[in-house]
Every structure is written in C-alpha cells, then in structure tokens.
Amino acid sequence: MSVNQKQSLSEVHKSVATDKRTGWRRILAFIGPAYLVSVGYMDPGNWATDIAGGSKFGYQLIWVLLMSNLIALLLQSLSARLGIVRGLDLAQASRNAYPKWVNFPLFLLAQTAIIACDLAEIIGMAIGLNLLFGLPLIWGVSITIFDTVLLLFLLNKGMRKMEAFIVSMVFIVGISFLVEMFIVEPSLKEIVKGFEPSMLTGEALYIAIGIIGATVMPHNLYLHSSLVQTRKFERDHKGIKEAIKFNFIDTAVALNLAFFVNAAILILAAAAFFKNGFHEVAEIQDAHRLLSNIFGNIAPALFAIALIAAGQSSTVTGTLAGQIIMEGHLNLRIQPWLRRLITRLLAIIPAFCTILFFGENALGGLLILSQVVLSLQLGFAIIPLIHLTSDKKEMKDFTIKTWVKVLAWMSAVAIVSLNIKLVVEEISGWMAEANGWYIYVIVIPLAILVGLLLLYIFIYPLIHKKQGIGNVPHGNALAIENIEKINYKKIGITVDFSANDRNTIRHALIQGGKEANYYLIHIVETAAARYHGKTAMDHETQTDTENLEKYQLNLSDLGYQASVHIGFGSTAKAIAEISKQNSIELLVMGAHGHQGLKDLIFGTTVNSVRHRVTIPVLIVR
C-alpha cells in the first residue's frame, strides 16, 4: 500500500497548493477548512437549544453562546495545529498514542457521536422540507440518503469545489437570519445586556449545558485536524508557523460567523416568542408555526430555507468525519461510497423507526437525545487533543504554551463536568419515570465503564511516554539485494474486445516473449451465462468464443503460444478461478480509466481481482 493511500482523507490530501501564491491570495488559499467545520456549530441541534433558550429566558443566555464559541475557537485551533505540525488527524494521532485495545472503544464512541450528529442533520433537513413544501417527514428522511451521492460528486470535483458548496450553504443560512433580524426588530439594549454573565440555576442551567454540548462538537475536532492537511505548503519552520497563523484566522472568522448565526436564532426566539409571551416553544416546528402567526409568510419561509441549508451542509461534513475516525482509529479503509452510505443508513434507521413507531411528533425528543449522546463523547476527543498538542517530543517548537494549556484544561474540566451533570440528571430522570431493570443492568454499568475509560485516557499519557511515536506507521524500508530477471512462463491476459485489448496483449507479450504460454481470458456476464454457466450457448457466448479464437490464431501466426479460456458469471471471481486452475504466474489486465460514478458502476473488476489472487497483476491503461 502506498504512502499516499495512508493519508487522512487521501482523496483530497495536499490537493490545494499554497506555495505558489503571494500576498492576500496566499491567505485565501488557506481559507476553507474552518468553514466546513463551522457548519457543525449551526446545525439543527444548535437550533433546538437556541430556540429553547431564547423563548424561555429572552436574551439572558447570549453570554453562554459567546463562552461556548470561545472554547470552540481554542479547541479547533489546537486541532488545526495538530494536523499542520504532525501531519496526522486526531484519530490517527490517538491510535499512535494509546494502546491498541483503547482505540476500538474510542472508535465506537466517536462513531456513535457521528451518527447522533448525522441524525440531527437528517431530522432538521426533513423538518425543513416539510415546512417549506409540505413533504411528509418520512419522505424527507428518505431523501437524505442521496446526500451520499452528493458527497461523492463533490469530492471528485476537488476540495475547493466542496468548500465553495459549503460556504454557499452557510451564506444562505446567514442571509436568511440577517433578513429575519430586521423583520423581528430586537432590542439592541437588551442584546448588549445579554452578554453580561449571570448566575444560572434550574432550567436555565440545563439549557446552558445543552447549548455548550451542541456548540462544541467532537466530530469537528477530528474533521479540522484532517481538513488542514488538504493545504500543500513548505514543511520547514517558517512554512508551518505561517500555516498555523493563517488557519487560526480562518478558524476565528468561520466560528464568529457560526456565533452570529446561533446568536441570531436565540435573538429571533427572544424577540418573537419571549416578548410575546410564548415561553414554551419546544420544537423547531413550533417556532415556524408561531413565526407564521406573528410575522406572516416571509420569516417562516426564510427559516425553513436556512434549516434545509444547515442540514444539507452539516451532513456532508458529518459523513467526512465518519471516514476520518474509521480510517484513523481502526486503520480500516473501505470504498468511499460504501463508507458514506453505511454512516448515513446508521443515522437514518433510528429516525425512520421513530416516525413509524412513535409518530412524527417524537422527532423533537429524538433531536434532543442526539445532542445528549453527542455531548457524552466530547471528553474522549478533547483530552487526547490537549495531551497530543502538549507533547514536546512530537510538537517540538510548536508545542502549545503553558497559558494555552491551562485554558484548554479548564475548558475540558468545565465541559466534562457539565456533561457528567447532564448524564446524572438524565439517568435520574429515567429512574424516576420508568424505574426499569435495564437502567440498573445496562445503563448505569455502561455509564460507569465509559467514565472509567475517560479517566484512563486522561491518566495514560501522564504515566506512559511511548517511545518513537511517529507518523502513520508504514513499516521500514528494506534493503534491495541482487535483482534477478523473472521469467514468467504462464501469463494470463484478460480481454473484453474493446480498443484496449491491443495494448493489454502487447504489454503481456513484452513480459514473456515467445517462450511463455499465454492464456486469453474473457468472462461472459449475460443472465444465461450467470444461470447456466458452461452449458450456456447464447449468442453472446458463441460470439465471444469466436472472437477469442481469432486472438489465439493471430498470436499463433506471430509465433506465440496461446490458449482460450471462457469464464461465466461474476467477472472477478471467474478470472481468479481460471488463474488458479491454470497456475498462472502473472495476470495482465486492461483498466477502463473510469472515474466517479462510472467507476462505481463499471470499474470495480481490477480491484476485486487483485484481492482474490496471490500472483502479480499488471494493470495496463
């Protein structure tokens, strides 16, 4: 496996050049990753907490939003620093820093958080489609599965195109709320007063915890540490320092935009609902309905458009984060389209089941639950991140300063403490309502195990300094000794009677010369061939056999020994079987050169064959 394949988000790794640009164009080349990250800070989960906070307590909780944003800015800048300096994403660095057994539960917890995040986006987008077009929620949820195809398309178009799509979605959200702010006419004096910290008790404290949990998201830390690696720059001291500076600017601008959107939602809820006596606005649909009653049609339409844009952009970044944690923690790589489809299906199934069994009204509760699950995973991302960026051996001159470390640990303690409080309150609530056996047998023991794992992740780097932790392990270079010519005696050639065949056969003949035996292989894939196998004598089978014999005769006239081999059914399986039966030593195959969707449909044979045989495979374009 090549080094390139081992990189984080290998499809777009170092795909944006920065070294050939100067001045403001150079700064702009670094702009982008933080905007992809920022959409997670304005997803439907944030909307739910912001609407609840604004409708119940007016402008009182704006300072909580600001504090959450400052914590997020600190942690995201650490994440970017890790990716720039070490060339590793957070999941890869964690795999190197912790024992192998720890990485599997870390992966499961991170994947659960990704699913919870994706679930919030799916619900938000389905609600947005329902509010704007009257589409039933179950159809809205079903449509979101096509985001997988959209992401595949965007990645094939390149990193800059994907960033442009995300920024345009964020722009739609921002403009929508800017217009709504003018419609509701909030009190500027009371907004300024809301920035003054106040004591939080009871329900205000609970909603504040929800705002922090929904704002500082674990998957964004994994995502940011990978996305900064899409920029190509000089990896000397000056180049790294400059990349850190420009990425901090990118992060500060993007997260301030996210703060503006969240503050706008809270201000909108305060001005539209709190001021008009609607203090119990519990769900996004309620907010939309009340906006219609108070302000007519423009505000709710903008609200729904913004919700769809937020959901659409957040699903793209959430699925990318799923790819990063799977590859980083488990070093497991599967087809990109399949990985994204699995992530999306794991999020769609709970939403689907909730609608089918509990009705559409239960989606609001599922949205809140997704934020609780999301907040639980924060500690497992934050604690390793602080340890990794504090490691002088690996970070060298770019180790975080003491005052940054103190602020980071204070943020971590605050977030973990609030999350522990949230979990205790949730479990206590379940015990008071249900008092079921599963709470004592499953929920409480599981919560204790997760707590112990969190403690272990905090303590392990302090007591164990791992020797020689480097980049993604590829193994060491081996000494290349005497090289002897390999004479292949049995060479298989796959043909498909296209224009590629001449080049494929030519390359095979160069490998073996006139001393080798050549096995001309073609697979018939008709329905009859799949069902009847060798007994199939349909028109295509007969024609293909005749064509193969023409190749054999042609080679014989040129002085080469060739035999004809027809296979049936699954192309990759049949080629592998013919190769094994004839003890073929080298297999020469023509590649179609498909890309994107065509590769998904047509171009999987070469890769599948490669995994089924143990002999060298020469791929000819």
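The values are calculated or read from the model by the stated rules, or taken from the named source; none is laboratory data. The structure presented is a predicted model; accordingly, all values stated were derived computationally and were not measured. Cβ atoms come from the backbone with ideal geometry, glycine included; neighbour counts cover every protein chain shown.
Looking at the stretch 149-161, can you tell me whether even one residue there is at pLDDT 75 or above, surrounded by fewer than 19 Cβ atoms within 10 Å (Cβ to Cβ) and over 19 Å from ILE51 (Cβ atoms)?
Checked against the condition, which is being at pLDDT 75 or above, surrounded by fewer than 19 Cβ atoms within 10 Å (Cβ to Cβ) and over 19 Å from ILE51 (Cβ atoms), the stretch 149-161 yields no hits at all.
Can you find, within the stretch 38-94, the residue that is modelled with the lowest pLDDT among those that are of a type in the set (Phe, Trp, Tyr) and within 24 Å of LEU407 (Cβ to Cβ)?
Out of the qualifying residues, it is TYR41.
Does ALA52 satisfy the condition of being more than 26 Å from VAL261 (Cβ to Cβ), aliphatic (A, V, I, L, M) and part of a helix (DSSP H, G or I)?
no
With the checklist (1) surrounded by fewer than 24 Cβ atoms within 10 Å (Cβ to Cβ); (2) under 15 Å from SER38 (Cβ atoms) in hand, flag the one item MET217 doesn't pass.
Exception for MET217: condition (1).
Starting from the stretch 130-147, take each residue that is in a helix (DSSP H, G or I) and list its partners that are among the aromatic types (Phe, Trp, Tyr), counting only C-beta distances under 8 angstrom and pairs at least six apart or across chains.
Close Cβ pairs satisfying both conditions: LEU131/PHE303; ILE138/PHE352; VAL141/PHE352; SER142/PHE352.
Does LEU137 satisfy the condition of being out of contact with any Lys or Arg (no Cβ under 6 Å at 6 or more places or on another chain) and at pLDDT 75 or above?
Taking the combined requirement at face value, the residue satisfies it.
Have a look at LEU227, LEU221 and point out the one that is in contact with a Ser or Thr (Cβ under 7 Å, 6 or more places away or on another chain) and among the aliphatic types (A, V, I, L, M).
Answer to the selection: LEU221.
Right, ALA97: in contact with a Phe, Trp or Tyr (Cβ under 6 Å, 6 or more places away or on another chain), at pLDDT 85 or above and aliphatic (A, V, I, L, M) or not?
no
If you scan the stretch 519-577, which residues turn out to be on the phi > 0 side of the Ramachandran plot and at pLDDT below 85?
GLY533, GLY569
So which residues in the stretch 195-226 are without any contact (Cβ under 8 Å) to a residue 12 or more places away in the chain, not aliphatic (A, V, I, L, M) and not in a helix (DSSP H, G or I)?
Once the filter is applied, which keeps residues that are without any contact (Cβ under 8 Å) to a residue 12 or more places away in the chain, not aliphatic (A, V, I, L, M) and not in a helix (DSSP H, G or I), the stretch 195-226 yields only THR201.
Quick one: count up the residues across the stretch 396-408 that are assigned to a helix (DSSP H, G or I) and surrounded by 15 or more Cβ atoms within 10 Å (Cβ to Cβ).
Final tally of qualifying residues: 5.
Farther than 17 Å from GLY124 by Cβ, assigned by TED's automatic domain parsing to the domain that holds ILE115 and either modelled with pLDDT under 75 or assigned to a loop (DSSP other than H, G, I, E, B) (or both): is that true of VAL192 in this structure?
The answer is no for VAL192.
Identify the residue in the stretch 169-197 that is closer than 23 Å to ASN276 by Cα and of a type in the set (Gly, Ala, Ser) and, among all such residues, is surrounded by the fewest Cβ atoms within 10 Å (Cβ to Cβ).
SER187
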